[in-house]
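What follows draws every value from the coordinates through simple rules; no lab data is involved. It should be emphasised that the depicted structure is a prediction, and the values quoted were computed from it without experimental measurement. Heads up, the Cβs are rebuilt from the backbone with ideal geometry, glycines too, and the neighbour counts pull from every protein chain shown.
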Amino acid sequence: MFTQAQTGIDSEIAGILNSVAPLFALMMGVLFFKLETKWFNIIGVFIGLFGAVGLLSVGIKGFDTNLSYGIYIIIATMLYGTNINIVKNILKK
């Protein structure tokens, strides 16, 4: 998915979008794996998310980009989040 996304967006934007992986790891863990979280985990993930959004909003002004390719990165990070939780909860032995 990253290779397809790189055909339409810059590497800088792809890297910024990839930074939402912890958010999806937390979301998938809570929704599907009954992960118990602490308040500081949630705050940390959202601080990172706001930082990514801030970098993305600043980065868009200086780049000629097609953000419709960014959906590939978002799907990939969702799959990362699922993978992390599967390894942690199901395949740990």
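Structural remarks
- Fewest-first sequence of Thr37, Thr82, Thr3 by Cβ atoms within 10 Å of each Cβ: Thr3, Thr37, Thr82
- Each Lys and Arg contributes +1 and each Asp and Glu -1, all at the Cβ; summed about the Cα centre of the range 2-89, the dipole is approximately 320 debye.
- The angle between the Cα long axis of helix 70-89 and the longest principal axis of the Cα atoms of the chain comes to about 20 degrees, rounded to the nearest 10.
- Cα centroid separation - the range 2-47 against the range 70-93, whole Å: 10
- Percent of Cα pairs exceeding the 15 Å cut-off, where the set is the chain: 62
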